[in-house]
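This report concerns only the one structure given below.
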Amino acid sequence: MQFRLTLTPTARQTLVPFNYAYRLSAFIYAVLADADKQYADFLHGKGYEFSSTRRFKLFTFSDLIMPGAKADPKVGGLWVNSPTIEWIVSFYVDKAAQHFIMGLFQDQRCVIASPQHRAEFVIERVEAIPVEITSETVTLRTLSPMVIAEKSERGMDQYLHPADEQFGPLLVSNLLAKWGSLQTVVPAGAAPNDDWDVSSLTYRLLPNGNREAQPRSRLVTIKEGSREQTQVRGYYGFTFELSGPSELLELAVLAGAGRYNAEGFGCVGVVTT
C-alpha cells in the first residue's frame, strides 16, 4: 500500500537538513517497532533474502514534498515555506494492513535531526493511495532519486543515467530479485513464475520535450557523520514505462525500483491519464 502523509511543522521557522532521507528511514523503523518490534527487527536486521548477499526490505518513501522550500547551502538545509508538507510512504504488504498502518502514523511526531539542526513535524493526516495495476504496461514517475549501478573492473559502483542502455536490464534484474526474495511465494533465487514470460518485463524512458524536466542527478550521503557514512548517486525527475506481469509492476510501485529503497531511493508513483 502507498500512503500520503500530511505533516505540519511545529516551529514557525523550520530547516530540514539536506541529507534527511536516512533520518526518515529511522523514523519508519521506530514507528513499526512501537507496534510490532519483531517485524521491525526482521526488516532492519535481515529483510527478505534472495541470496546470501542480496536482501530487501520491500518498503520505500518519497522525497519530502515542500512547496516553495528554499535551499540554503550556508546552513546545510532547506527552509520550509509552506504551512504543510507531504510525504509518500510505500509498503509491500497485504491490503488488510491498510487501516493498521494508517493508525500507526496518524498524529506521530516526526523529528529530522542532525548535529546542527532539528526539524519537527506532526503528522496531521494519513491517506491511502490505491494501487491497482491490471494492465501489463504502466507509466511511472520518480518520487525520489532512483539508484541503478553496475560494477566497474575495480569493483566500484558506476551510477547509471536513466538513458543508459544498461539501466533498464539492471532495473529489471533487481525487480526479479525482489520477487524471488518473497519466499512465501516462490523459493529464494527461483524464477518468478513458470507461466510468466520474463523477457516481457521491459523498461522504456519516456521522452520529455521540456529541458528542465530531464533526469537530474543527486549525490546523497547515507548515515552522515557515522563510520558507515557513504554516498550514492540517484536520478530523479523522469517518467518511464514499465511493461510485464501486473504482479511485478505492483511490486515495483510498492517496494520501490532500483537499489536502497528502504533508505528513500526508487519511490515511484503511477501516472494516470
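Tabulated data
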{"quantity": "Ascending count of other beta-carbon atoms within 10 Å, so fewest first, for HIS99, HIS161", "calculated": "HIS99, HIS161"}
{"quantity": "Likely footprinting exposure, SER114, SER144, fewest C-beta neighbours within 10 Å first", "calculated": "SER114, SER144"}
{"quantity": "Built amide H within the under 5 Å cut-off of SER144, gap 5+", "calculated": "ASP63, GLY266, CYS267"}
{"quantity": "For the range 74-83, Karplus couplings with θ = phi - 60° (6.51, -1.76, 1.60), whole Hz, Gly/Pro x", "calculated": "5, 10, x, x, 10, 7, 7, 10, 9, x"}
{"quantity": "Residue-by-residue Karplus 3J(HN,Hα) for the range 59-68, coefficients 6.51, -1.76, 1.60, Hz, glycine and proline x", "calculated": "8, 7, 7, 7, 4, 5, 9, 10, x, x"}
{"quantity": "Sorted by Cβ density within 10 Å, fewest first, the residues LEU7, LEU58, LEU219", "calculated": "LEU219, LEU58, LEU7"}
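Where a number appears in this text, it was derived from the coordinates with a stated rule and is not lab data. Computed from a predicted structure; not experimentally measured. Neighbour counts run over all protein chains shown; Cβ positions are idealised from the backbone, glycine included.
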